[in-house]
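Undergrad: Have a look at this one before I ask anything.
Just so it is clear, none of the values below were taken in a lab; they were calculated from the coordinates. Model, not experiment: these values are computed from the prediction. Neighbour counts are summed over all protein chains in view; Cβ atoms, including those assigned to glycine, are modelled from backbone coordinates with ideal geometry.
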Amino acid sequence: MEEMKNVGTVEGDQGRMCINMEWGAFGDNGCLDHIFTHFDRVVDETTINPGKQRFEKLISGMYLGEIVRQILLVMTEKQLLFQGKPSPKLQTKDIFQTKFLSTIELNGLALRQIRAILTELELDASFEDSVLMREVCQAVSLRAAQLCAAGLAAVVEKMRENRGLEQLSVTVGVDGTLYKLHPCFSQNLQKTLKDLAPNCNVSFLLSEDGSGKGAALVAAVASRNANAME
């Protein structure tokens with residue numbers, strides 16, 4: 001990580017800290033350029049702050065729907081989707097809402113419901129189109145979860161090493177509708193984190209106030225309470 005902001009001490013004399021990740025700008029110096037795809041670059045260039053908050057643009061629910069839309073446009077151009085005929089709606093920026101990803105990826109969701117979304121976008125979609133679009137959504141959301149996990153793994157592993165521990169237990173406060181509502185995001189994040197940092201036992205707690213600071217405080221209080229009970 002380039003930096004961590006808003007670090008403060010927790011009440012008490014143990015010197016424990018809340019760390020607000022504030023990692024949205026990670027990659028603004030170009031260190032993530034090698035994982036940026038054509039679609040990521042197009043999305044970045046069409047935002048109000050091109051070149052800024054680049055990590056956020058890979059993982060945030062605010063941008064995932066637009067990444068999917070850019071992929072669908074290129075696949076249509078290559079005659080892989082919708083008989084090569086994009087609708088005017090599909091060509092409209094931000095028309096593909098991130099909530100569509102959650103709906104499309106629900107376990108057991110009938111493909112006809114996916115086609116209902118495509119109909120809303122005024123696309124003449126076949127069964128094969130529906131299957132391919134679901135695979136695109138799954139790929140984009142999985143990548144986002146894995147990138148989140150990679151960032152967390154780097155931090156918790158560093159904490160473990162700095163403390164000289166064989167095993168670290170830590171609590172992470174998290175907020176955001178993507179983590180809360182997407183059917184696979186949280187599971188994919190936690191699985192990848194376990195793979196990348198097997199010596200770290202990470203517990204996640206939801207923060208309901210929509211504040212990153214609140215999420216960090218939830219984690220801090222949970223950690224302190226758990227220690228008090230030992």
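Undergrad: What is the sum of charges around ALA149, taking Lys and Arg as +1, Asp and Glu as -1, for the other residues whose C-beta is under 9 Å from the C-beta of ALA149? Spell out each step's value before the answer.
TA: Numbers: positive: LYS191, LYS194; negative: ASP195.
Its environment carries a net charge of +1.
Undergrad: Apply 1/(1 + (r/R0)^6) to the Cβ-Cβ distance of GLU120 and GLU161, taking R0 = 45 Å, and write down the FRET efficiency to the nearest 0.05. List each step's numbers first, then the result.
TA: Working: r = 50 Å, r/R0 = 1.10.
Computed FRET efficiency for GLU120 and GLU161 comes out at 0.35.
Undergrad: Turning to a different aspect of this structure: Can you tell me which of 136-146, 75-85, 57-67, 150-160 comes out highest on packing, and rank the rest after it, using the mean Cβ neighbours within 10 Å?
TA: Details: 136-146: 19.6, 75-85: 14.7, 57-67: 22.2, 150-160: 17.6.
Highest to lowest by the protection proxy: 57-67, 136-146, 150-160, 75-85.
Undergrad: Something else about it: Need the full-extension length gain, THR46 to GLN138, defined as separation in residues times 0.36 nm minus the C-alpha distance. One decimal, nm. Spell out each step's value before the answer.
TA: On the way: separation 92, 0.36 × 92 = 33.12 nm, distance 2.33 nm.
30.8 nm is the gain from fully extending THR46 to GLN138.
Undergrad: Could you give the nm distance between label points at ASP33 and LEU111, where each point is 7 Å from its Cα heading toward the beta carbon?
TA: 4.2
Undergrad: To continue, here is another question. With the cut-off at 32 Å, tell me which of the pairs LYS52/LYS78; LYS52/LYS194; LYS99/LYS158; LYS52/LYS191; LYS57/LYS158 have Cα atoms farther apart than that. Provide the component values of the computation, followed by the final result.
TA: Working: LYS52/LYS78 30 Å; LYS52/LYS194 29 Å; LYS99/LYS158 34 Å; LYS52/LYS191 29 Å; LYS57/LYS158 25 Å.
With Cα atoms farther than 32 Å apart: LYS99/LYS158.
Undergrad: On to the next question. If you line up the Cα atoms of region 63-201 on their principal axes, what length do they span on each, largest first, in Å?
TA: Principal axes ranked by extent give 58, 27, 23 Å for the Cα atoms.
Undergrad: Show the residues, 5+ positions off or on another chain, whose built amide H is closer than 5 Å to the amide H of LEU205.
TA: VAL172, GLY173, VAL174
Undergrad: Please state, to two decimals, what the Cα-based radius of gyration of region 84-153 comes to when divided by 2.2 N^0.38 Å (N = residues).
TA: 1.22
Undergrad: Using the Karplus curve 6.51 cos²θ - 1.76 cosθ + 1.60 with θ = phi - 60°, what ³J(HN,Hα) values do you get for each residue of region 116-132, in whole Hz, with x for Gly and Pro?
TA: Once rounded to whole Hz, the list reads 5, 5, 5, 5, 4, 8, 6, 10, 7, 9, 8, 4, 5, 4, 4, 5, 5.
Undergrad: What list of ³J(HN,Hα) couplings, whole Hz, do you get for region 182-195 from phi and the Karplus terms 6.51, -1.76, 1.60, once you set θ to phi - 60° and write x for glycine and proline?
TA: With the stated coefficients, region 182-195 comes to 5, x, 10, 4, 5, 5, 5, 4, 5, 5, 5, 4, 5, 5 Hz.
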